[in-house]
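Read the figures in this text as sums done on the coordinates, not as results from a lab. Here the structure is a predicted model, which means the values were calculated and not measured.
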Amino acid sequence: MLKEERQNYILDKVREKNKVKSNDLAVELNVSEDTIRRDLNQLSHNGLILKVHGGALSTHQKLYQFNEGSIFNRENKIIVAKKAISLLKEGQVVIMSGGTTNLELSRLIPQNLKLTIYTYSLPIAMQLSEHPGIDVFLIGGKLHKKALVSVGVNVVKILSKLKADICFLGTSGIDLDEGITEVGYEVSFVKRVMIASSENVVSLITSDKLNTTQRYPICDLNEIQKIITDLDPNDPILQGYLKKGVEVL
C-alpha cells in the first residue's frame, strides 16, 4: 500500500471512530508502528488529525454527542451505508435527510470524493464538515430538538429550488401498499419536497422497518428508484418491492 493510500485509510478510520490507536493501525495495515507514527505526525502537521499518545483523535470538537453504542441496529445501518456509497459519483449534488443511517453514510464517504451535499440535519452537517472534499450546505429553520433537524417554511423554500442528482432518504416505514411513511408531520412534509427536488431517490432502511407504516405519508413506491437494506437483495421479504419496479440493493 502506498503512503497516500495508507494515510487516507487512517483518515477514514479517524472520521468513522473519532479516535484510533497506533498499534491497531499497524496490525490492520501490516506495517510497523514507527511507520504509523510518521504518518500520524505528518497528518497532524497538516492539521488533519490531533496526534496524542498512542494514537490520534479527530480535530473537530463535536457540537453534539451520539453514543455509538446506543444507536439501535448500528451494525445493520453501517451495512446499508456501505451499499449507498456505491451510488456516489464525483461532482454530484446530493440531498441527505436526517437519521442515524444517513449519519453512518456521512461518516463513510471516501476522502477523495468531491460532492456538494445539502442537509437539514445538524449532526450530519457536523460530520460532513470533517470531509475535505465536500461542500456542505446546512439548511436552517426551526430546530426539531428531538431529531436535531431543521423544519418549517424556510427549509421547504430552499429545498424546492434545488435540483439534486440523488436524494438519500432516511426511512421510518415502508410498505408495499402504503409506500413510505414518517413519524412526524413536519419532517414528512420536508421529505416530500426533497423527493420532488431530486432526480433519483434512494430509500435507506433497515430490515426491521420493512412492511411497517407510520402516521404520515410521504410518497408511493413509484416515486423512488431504489431501496437499500441490510438484507441480500434476493431475500424473499424484498420480492414484493422488486415486483413493484423498485431496484433493491
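Tabulated results
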| quantity | calculated |
| --- | --- |
| Tilt relative to the chain, helix 33-45 - C-alpha long axis, 0 to 90 degrees, to 10 | 70 |
| Among beta bridges that DSSP assigns inside the chain, antiparallel share in %, nearest 5 | 40 |
| Under-5 Å amide H pairs with CYS219, H placed in peptide plane, nonlocal only | ILE180 |
| Angle between the chain longest axis and helix 3-17 axis [Cα atoms, degrees, rounded to 10] | 60 |
| For the chain, calculated [θ]222 nm from helices alone, where every DSSP H run of n ≥ 4 adds -39500 (n - 2.57) | -10500 deg cm²/dmol |
| For segment 74-81, Karplus couplings with θ = phi - 60° (6.51, -1.76, 1.60), whole Hz, Gly/Pro x | 4, 4, 5, 5, 5, 4, 4, 4 |
| Gap separating the Cα centres of segment 1-52 and segment 126-177, nearest whole Å | 31 |
| Where the Cα pairs of the chain fall when distances are cut into 5 Å bins, in % | 1, 6, 13, 17, 18, 15, 12, 8, 6, 4, 1, 0 |
| Under the Karplus curve 6.51 cos²θ - 1.76 cosθ + 1.60, θ = phi - 60°, whole-Hz ³J(HN,Hα) for segment 182-193, x wherever Gly or Pro sits | 9, 6, x, 5, 4, 5, 4, 5, 4, 5, 5, 5 |
| Under 5 Å, built H, 5+ apart or other chain: amide partners of ILE166 | VAL93, ILE95, GLU199, ASN200 |
| Long pairs among LYS209/LYS243; LYS89/LYS191; LYS21/LYS145; LYS17/LYS114; LYS19/LYS142; LYS114/LYS163, criterion Cα-Cα beyond 29 Å | LYS21/LYS145; LYS19/LYS142 |
| Per-residue ³J(HN,Hα) for segment 220-237, Karplus 6.51 cos²θ - 1.76 cosθ + 1.60, θ = phi - 60°, Hz, x for Gly and Pro | 7, 4, 6, 9, 10, 9, 9, 10, 10, 10, 8, 8, 5, x, 8, 4, x, 5 |
| Stokes-Einstein diffusion coefficient of segment 174-234, Kirkwood radius over Cα pairs, 4 °C, 1.567 mPa s, in µm²/s | 108 |
| Percent of Cα-Cα distances greater than 13 Å, calculated over segment 3-57 | 51 |
